[in-house]
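Inspection log for the structure reproduced underneath, given as structure tokens.
Just so you know, all these numbers are worked out from the coordinates, no wet-lab data involved. In this text the structure is predicted, and so the values were computed from the model without any measurement. Here the Cβ positions follow ideal geometry from the backbone for every residue, glycine too, while neighbour counts run over all protein chains shown.
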Amino acid sequence: MTKVPRIHVLPPDLANQIAAGEVVERPASVVKELIENALDAGARRVSVDIELGGKARIRVEDDGEGMTAEDARMAVERHATSKIGNVADLEAIRTLGFRGEALPAVASVSRFCLRTRVRDVPFGYEVRIEAGERTREGEIGAPDGTLVEVADLFFNLPARRKFLKADGAESAQVSRVVTQLALAYPEVGFRLTSGGRRLIECPPVTALRERFYQVYRERRDLVEVKREGGGVRIEGYAAPLAEQGPVRGPQNLYVNRRIVRDKTLQHAIAQAYSAATIKERSPEVHLFLTVDPRRVDVNVHPTKAEVRFLDQGLVHEVLRRALTDALGAGPAPELQLRPTGAAHGIVAPLLPGVLVPASNLSQPSGVQSLQPRGSSPADMGEGLGAVLDQRETGDGRLELERRATEIDAVRPMVPLGQFRDTFIVAVDSDGLSIVDQHVAHERVLYEQILARLSSGALESQRLLTPIVLELGAGERETLRSHQTDLVRLGFEIEEFGGDSLKMSAVPALLKVDEATAAVGALANDLDGLDRGGRVHDALGRLAATMACHAAVKANDRLTMEQMQYLLDELRRTAYSTVCPHGRPVALRLTRRELERNFQRV
């Protein structure tokens, strides 16, 4: 008895619907594919119109080169494309599309219409398809370029359609995609309307900076990123270290103007920010990488959003260094004055809603020096005219790289005095700065401590009278198991009988009355070493904890010399805008803001 074969070739309509499941996730996926086709066709203007978030209708029109009747008929066939012709073409793809899957996949799950015309041809051509079946095709009057209309997306797949979000959510996703593509192609005009309401209008411009302004208007807080090396060119914008906005922001990443999601790039971004602060964040970035097409593989996933780099380590390093340079030279947050009725004897409001009496600006003297015991200002500044970039080597050791600090990016500041013994009020060549003295000193000490921990141990001082530590069982066990690390940090801690420990020496930079609190905090940081944390992350936490406890505090009165020393040391740091925990070091009131409020401009 002959068995009936169980393996068979899928019908074309079913194969197209399966392909649609990979390529067409939601209306925004359709918009992305259609715009990419328009860009590949040389369009200078792209217009997108949607209804009900794209679920009812998507209409994408462009002024590209258009298609002949034969090309239009072939364009809706699976694996039909004009982008590549042989295997060698896959090694250097220069177009956004190349698979020949998008149009037939979309047409299989919608009511689809393609209308196109080649310039200087007297008529256009139209192809209509419903759920993968052609219903009409023939000549038609049409303008130059191509128009694709997709109606009733997933009407024949109700199980897929019910997973679509609300109209507003789908519309937001379409807006995001159009924005991303508009950023990548500033020379192309983009328009997006939804239900007759205009959402995006970006006329063609000549440069990324102009397009960025069109899209984001007054986003002056972002830092410009630009670097080239090893055949990789990077440009774009990134959130500054001292950004006061959300911890998570949009990350638009492009490779050869293609929107991508790539773990190598995301890791480089995270590492660049973690070198300056231990604060966890996913910062807003808009970064454009240009790489030789022969050194990047885009044929990884049907959505073409994933890539593989031939020189993955090189790309990672160039991006990390580009961000490190940009963040190190980033500006402090600017203050904006609110109009208020100024009272007699009151200076301008330095913070919204806060008036600063002139009598509260002091120039005190006779307080403890900022410099750590046993060190001179010159010692503490040694080597800090270089930026310390951290990266972990293959064997887990911490490697420090040094590059020249762009000191000119941070203007020299002259202190005027303290406000409530907590903030240093200073001026530079372009405005007024309010510096949090604790945060600023913490930044300075953090980089100094990190440099010393990475190359050896901190200087220690013995105590005349040892301190008895009464800690919890977990903290005691952590300290007992990390004697070598504690010595490296400048502590000498040993058993004292029962549940007690004895501390006989502390780091020279730490005040004795801060030592007990610092040890308790360090127990948690040292415990991170046992949980598999990376070496440079663990060192960063240790350095941040030590710096926080050793830095001057709020309500500590400083002399003018101490203030000047702190400001000078701050200028020498790699990242002068934030402390290692991510808090802003200073707020700036620019000359222009003052002139504007005094109606001088």
Seminar exercise, completed: The summed charge of the Arg115 Cβ neighbourhood (under 10 Å; Lys/Arg +1, Asp/Glu -1) stands at -1
Seminar exercise, completed: Plugging the Cβ-Cβ distance of Arg176 and Asp144 into 1/(1 + (r/R0)^6) at R0 = 45 Å yields, to the nearest 0.05, a FRET efficiency of 0.95
For this session: Would you mind counting up the charge near Leu567? Only other residues with Cβ under 13 Å from its Cβ, with Lys and Arg at +1 and Asp and Glu at -1.
Result: -1
Seminar exercise, completed: Taking alpha-carbon centroids only, the range 561-601 lies from the range 61-80 a number of Å equal to 57
Exercise. How do the peptides 432-441, 572-581 rank, highest first, by the average count of neighbouring beta carbon atoms within 10 Å per residue?
Worked result: 572-581, 432-441
Exercise. D for the range 444-487, whole µm²/s, Stokes-Einstein with Kirkwood Rh over alpha-carbon pairs at 10 °C and 1.306 mPa s: what number?
Worked result: 125
Exercise. How would you order 28-38, 481-491, 47-57 from highest to lowest mean count of nearby Cβ atoms within 10 Å?
Worked result: 28-38, 47-57, 481-491
Seminar exercise, completed: So the FRET efficiency between Tyr213 and Arg136, C-beta based with R0 = 35 Å and rounded to 0.05, is 0.20
For this session: Calculate the length of the line joining the C-alpha centroid of the range 255-287 to that of the range 145-179, in whole Å.
Result: 29
Problem set entry | Surrounding net charge for Gly490, when Lys and Arg each add one and Asp and Glu each subtract one, Cβ distance under 10 Å | 0
Seminar exercise, completed: Once both label points are put 7 Å beyond Cα along the C-beta direction, the Asp428-Asp311 separation in nm becomes 3.5
Problem set entry | Segment Ser500-Glu201, extension gain: residue separation times 0.36 nm, minus the distance between their alpha carbons | 100.7 nm
Exercise. What order, most packed first, do the peptides 509-520, 454-465 have when packing is the mean number of other Cβ atoms within 10 Å of each residue?
Worked result: 509-520, 454-465
For this session: For Thr573, enumerate residues with amide H under 5 Å from its amide H, sequence gap 5+ or separate chain, H modeled in the peptide plane.
Result: none
Exercise. Taking the Cβ-Cβ separation of Arg44 and Arg233 as r and a Förster radius of 22 Å, what is the calculated FRET efficiency to the nearest 0.05?
Worked result: 0.35
Exercise. Distance from the Cα centre of the range 457-494 to that of the range 425-443, in angstrom?
Worked result: 34
Exercise. Tell me, what HN-Hα J-couplings in whole Hz come from the Karplus equation 6.51 cos²θ - 1.76 cosθ + 1.60 at θ = phi - 60° for each residue of the range 466-481, using x for Gly and Pro?
Worked result: x, 9, 8, 9, 10, 10, x, 4, x, 5, 4, 5, 5, 5, 4, 7
